[in-house]
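The values are calculated or read from the model by the stated rules, or taken from the named source; none is laboratory data. Keep in mind it's a predicted model, so treat the numbers as computed, not measured. Glycine gets a Cβ as well: all are built from the backbone with ideal geometry, and neighbour counts include every protein chain shown. The area values use the complete protein model at the heavy-atom level, side chains included, leaving out ligands, DNA and RNA. Shrake-Rupley method; radii C 1.70, N 1.55, O 1.52, S 1.80 Å.
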Amino acid sequence: MVDVNVEIKAEDSPISNAVDLYYSQLYEILNPQTEQKIALNSSLVTFDIIPQAPMFTEYVFRAFADRTVTISPTEYGPVALGVANTNDRYSFFFTEVLKQAVFKLDTALRQDIVDKIDLIDREVRQSRQELQLFYQTMFTAWNSYATQNGVAADDAYYLDKQTAFFNTNNFAEQISYYKNIISDGLVRMHILRDAQYPDVEARHISSLLKYATLDQYLMPRPKDPILEEINKYDPIRLGQAYIYNNLNYFEPSVEIRPSGYLPKFLTNIGKRSVSIEKTAAATHQHDVSWSASGTARKWFFFKASASVSSESHLKETIAATNRVGMAFENLAEYWVNRGPWFSSGVFAYKRIREVLAANPIYAGLLGHAISSVILGRGLELTLHFDKVSTFSEWSKFTASASGSFSVFGMNIPATSGSMSDYKLNTRESEDKKSVTFLDDPAHTRLLGFRVDKLFDGAEEFALAASPYIDEVGPDDKAISSLGTWSSAVDTSAEKRKNKLLKIATEKLLD
């Protein structure tokens, strides 16, 4: 039997303002300040917190917290599926802006200083090449040893045996030799630059770049919980394994840590509930808060793959929904603590603003930074119907559905894209007029982020960079809330984008 995709957006559901109601209640709970926004995640994806793997849990936190936010709802999938790549990392674009500012500063250096920096740079690049060749030699020796001694890649103690082999051959000393040369060279280059830079601001930019790029300041974290959870690696053993460039297991990146110990989130109680009712009025309009048009339409009230014969019944069922209840065993936010590689004050510097003005895409991605991650666990989601017959159709579907489906952002089954198995229970009401989906109490989901506006013009830059720019018109109430639009402007997407960039650049450089 052929299946069809049944997709009902929130605006087409019986509770057409469902996103505004959900946003309003989260807004009241979190109470953002004037220069802050709440960015929703379009799916309540799994946020793996594994008590036996605290280092991996920090990797998950960093992977989500180090993202660029231009619009809401965002569309961030689970870390377990590898979507936390460098293409949309805030730290990547922040570092690129620092590099460009430093490059401009370097063009004004005396020639003799430039020559010294170039000489050190050649030494560093040569040492890096030699280190990579050494890694190749090292792993070739290990692969030969593993083959001869029957050490398979799926061996539970594979990494232990590899580390022991490398330790026996004193490979760590040779790696340390090359890394020290590289580190010393990079530090000397920064010292040469800083001694010639004209002011404190220039030296601060250089310092931030140092902390963002030098290996000794990066924070490696395991990309899989197995090392800690199954193999019982402690931080010392993890560090020994990382020494040998095992990038299949680890990811070195900038320092980003949660404000609290995340495993405690699984035992702390902070019950919160949200009620999305058909007759209720929202206190905040999501799209107006984000100065954008129609982005709430990206939120699906319901998604499923179903047989053709059940499609009409499903749509009829959703049409009879009069309330969505959401309750969490614990809802909390964890603040994002960034290391010395980041400073929000740098956006006040004229040199940084000039780089942003020349790179509007970077400006759009950097204008809002995630300041906290909003998590909820033990979700209880209930659909209430206005008649019993509707419930019976829904009950048949939930009992027979073989694939996954999504109800107001809650992906079912709960294990989709996660590192752990979580139970999901379904509960029917006594009067047969509601159905409830209950998460495992330990199953944590990402609800969204609190984000901070970092410089003037951030909203316009972000909207110009948004994929939804073609959906924004000059008469839209949301865009007019910026107080910068003229109804006489051409309505083409390109013209709107150029107008926004002009406004944003004037604000940034004012």
So what is the accessible area of the chain per residue, in Å², with the probe set to 1.4 Å?
45
Among Gln196, Gly260, Tyr233 - extreme Cα towards positive end, dipole of the chain, charges at beta-carbon
Gln196
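What does the charge count near Ile15 come to, summing +1 for each Lys or Arg and -1 for each Asp or Glu among other residues with Cβ under 13 Å from its Cβ?
-2
What do you reckon, how do Lys315, Lys223 stack up by accessible area (1.4 Å probe), largest on top? Let's see the in-between values first.
Values: Lys315 95, Lys223 70 Å².
Per-residue accessible area, sorted high to low, gives Lys315, Lys223.
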With a ≥ b ≥ c from the Cα gyration tensor eigenvalues, square-rooted, and the rule rounded for a/c under 1.5, otherwise prolate when a/b > b/c and oblate otherwise, the stretch 180-275 is oblate
Report the gain in length on full extension from Ala195 to Lys161: 0.36 nm times residue separation, minus Cα-Cα distance, nm rounded to one decimal.
7.5 nm
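Could you order the peptides 138-151, 49-62 from most to least packed, using the average number of other C-beta atoms within 10 Å per residue? Write down the numbers at each step before the final one.
Details: 138-151: 13.1, 49-62: 21.4.
My ranking of the peptides, most packed first, is 49-62, 138-151.
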In debye to the nearest 20, how big a dipole does the stretch 194-236 give about its Cα centre with +1 on each Lys and Arg Cβ and -1 on each Asp and Glu Cβ?
40
Relative to the longest principal axis of the C-alpha atoms of the chain, give the angle of the C-alpha long axis of helix 308-319, reported between 0 and 90° and rounded to the nearest 10°.
80
When the accessible area of the chain is computed with all protein chains present and a 1.4 Å probe, what percentage of it is carbon and sulfur?
49
With +1 at each Lys and Arg Cβ and -1 at each Asp and Glu Cβ, the charge dipole magnitude of the chain around its Cα centre, to the nearest 20 debye, comes out at 520
Could you tell me which of Ala357, Leu447, Ala292 has its Cα farthest along the dipole of the chain towards the positive end, charges placed at Cβ (Lys, Arg +1; Asp, Glu -1), taken about the Cα centre?
Ala357
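Between Tyr145 and Lys116, 0.36 nm times their residue separation minus their Cα-Cα distance comes to what? Numbers along the way, then the final one.
On the way: separation 29, 0.36 × 29 = 10.44 nm, distance 4.36 nm.
Fully extending the segment from Tyr145 to Lys116 adds 6.1 nm.
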For the stretch 50-72 and the stretch 211-229, what is the centre-to-centre distance using only Cα atoms, to the nearest Å?
12
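Net charge near Ile191, counting Lys/Arg +1 and Asp/Glu -1 over other residues with Cβ under 11 Å of its Cβ?
Numbers: positive: Lys116, Arg188, Arg193, Arg203, Lys210; negative: Asp184, Asp194.
Residues close to Ile191 contribute a combined charge of +3.
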Heavy atoms of Thr137: accessible area, 1.4 Å probe, square angstrom to 10
90
Would you tell me the accessible area of Arg203, worked out with a 1.4 angstrom probe on the heavy atoms of the protein chains, in Å² to the nearest 10?
90
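Determine the shape class of the stretch 333-390: with a ≥ b ≥ c the square roots of the Cα gyration tensor eigenvalues, call it rounded for a/c under 1.5, and otherwise prolate if a/b is greater than b/c, oblate otherwise. Show your work: numbers first, answer last.
Values: a/c = 6.67, a/b = 2.43, b/c = 2.74.
Since a/c reaches 1.5 but b/c is at least a/b, the shape of the stretch 333-390 is classed as oblate.
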Scalar couplings 3J(HN,Hα) for the stretch 405-411 by Karplus 6.51 cos²θ - 1.76 cosθ + 1.60 (θ = phi - 60°), nearest whole Hz, x for Gly and Pro, are 8, 9, 10, 6, x, 8, 6
Assigned charges on the beta-carbon of Lys, Arg, Asp, Glu; the stretch 98-204 dipole about Cα centre (debye):
200
Lys and Arg at +1, Asp and Glu at -1: add these up for the other residues within a Cβ distance under 10 Å of Ala327 and post the number.
0
Any of Lys104/Lys210; Lys9/Lys278; Lys161/Lys232; Lys298/Lys507; Lys278/Lys433 with alpha carbons more than 21 Å apart? Name them for me.
Lys298/Lys507
Once you sort the root eigenvalues of the Cα gyration tensor of the stretch 16-136 as a ≥ b ≥ c, which label holds: rounded (a/c under 1.5), prolate (a/b larger than b/c) or oblate (the other case)?
oblate
